[in-house]
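Notes follow the structure.
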Amino acid sequence: EDPSSSSLTQSSIVPELPGFYYDSEKNRYFRLLPGHNNYNPLTKESIQYKAMECKRLRLLEEEEKQKKKATRAGLNSSVLLQKRQLGLLSSTSYCRLVHELKVNCMQRRKIEIHSPDSSDAGTNNFKIIVADAACERIFTVHDVEHGGCKYGIINLSGLGKEPLTVEMYDNLYFTNRKVPEEALFSLTHFSKLCLMGIAETPGCASLLPASLFSSTNPGDRPGMLCSFKISTAWSCAWCLNPQADNCFSTGLTRRVLVTNVVTGHRQTFGTSSDVLAQQFATQTPVLYNGCRSGELFSIDVRQRNRKGQSWKATRLFHDSAVTSIRLLEAEHHLLAADMAGKIKLWDLRTAKCVKQYKGHHNEYAVLPLHVNEEEGLLTAVGQDCYTRIWSLQDAHLLRTIPSPHPSSKDAIPSVVFSSSLGGSRGVPGLLMAVKQDLYHFSYN
């Protein structure tokens, strides 16, 4: 049973009665009352929340006691080493299986964060954290209590040795705007550029140089590279392919807008649905899009705008709105997650689904996928606030991590996983930001 499931085991045995619920502890039925009744607010939602919270606390207690099950039957470090010595495992397979073992034994530790500005330390909620390519730093977005948002940079070089320091920066171009639930921050090539926008009406998208957040002299801060107002933005992506250099895309309502930040040239591609997820390929100037209708399609941005011409190349379909897509390194496979909680691995050469990763929970949120191909791991945080880690190779669910905070709509954790947090000689593990806290799940 999935530990985050809101349904009680007893409910599958005892018949449901309209207007009543069955309490397994007291072995009797109780009448359900309307949610607005403040004297005895006994509703189906409150019962489900209570059951989920009990399971979360039980799982946290088990984690503290280190009651762990093996990721796979008969898999342990001694067996892996023996198979490696006998030549039964390649070095790649051995490393990936070792990561599976280590991931299952990760232990949670709260990280102490200092800020040069004491008013910023521990007062603002984390909205999202994103690591740079080398995992030496993480870029953070904070939801400020008085409205608006702030950005931060945390250097991970001292992770595990000393308290981390977050350098906070005011939101320079979106002042007095609270970060909405649909806020999108697509950071690609963090050492050079970061692309961000806000999905609200009226909305805007801006391309900012990362040096904006590291300049010691505020007077030397460079301005934004590109900014424009749009009715509704759902997604954005930056292109690293040299054939479409200096281009970024924004997924809008029923259209895709590709902008060259140097020349200002724009291409518009009409779609039949809102574009909720985007990613550029690196080997070819091709843009992959995931839509609210469940459709996945690609666009070759080298095409010129010709009226009536179809822009869609590869076309795949989910049964629900696609909220996140991730191309694997060889770019023959595409991972996609939808609002039905399904995560599928598509083979782009045959246009077929080859794997499905079960257990993810989502109903309406835009939630990212995190892929670590070298370690062979896929990580995703569900709307139920549980972080799940799968084996990328065979879709086996390795671990389900409960949130340290009670589950709520505004407390969905944001995570970063790497085998080298802090650089090439860094420590492996998972970083989790939730509410005002940052946690490190380190290898045991």
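Which sequence of L81, L438 reflects their accessible areas, 1.4 Å probe, from the largest down?
Details: L81 80, L438 0 Å².
So, going from the largest accessible area down, we get L81, L438.
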Efficiency by 1/(1 + (r/R0)^6): what FRET value for Q393 and Q243, r their Cβ-Cβ distance, R0 = 41 Å, to the nearest 0.05?
0.80
Using a 7 Å offset from the Cα along the Cα-to-Cβ direction at both A330 and T400, what is the distance between the two label points in nm, to one decimal?
3.2 nm
Filter the cross-link list K65/K110; K83/K344; K110/K435; K55/K409; K65/K435; K55/K102 down to pairs whose alpha-carbon distance in this structure exceeds 20 Å.
K83/K344; K65/K435; K55/K102
Excluding ligands and nucleic acids, what accessible area in Å² is computed for V258 using a 1.4 Å probe, to the nearest 10?
10 Å²
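Give me the number: length gained by fully extending R315 to R255, i.e. 0.36 nm times residue separation minus the C-alpha to C-alpha distance, one decimal in nm. Working shown, then result.
Details: separation 60, 0.36 × 60 = 21.60 nm, distance 1.61 nm.
Here the answer is 20.0 nm.
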Report, largest value first, the span of the C-alpha coordinates of the range 299-383 along each principal axis, in whole Å.
43, 30, 19
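Counting only other residues whose beta carbon sits under 10 Å from that of Y94, what net charge do I get with K and R as +1, D and E as -1? Show your work: numbers first, answer last.
Numbers: positive: K83, R84, R96; negative: none.
Result for the local shell: +3.
The values are calculated or read from the model by the stated rules, or taken from the named source; none is laboratory data. Since this is a predicted model, take the numbers as computed values, not measurements. Positions of Cβ are backbone-derived with ideal geometry, glycine not excepted, and every protein chain shown enters the neighbour counts. All accessible areas refer to the heavy atoms of the entire protein, side chains included, with ligands and DNA or RNA removed. Shrake-Rupley method; radii C 1.70, N 1.55, O 1.52, S 1.80 Å.
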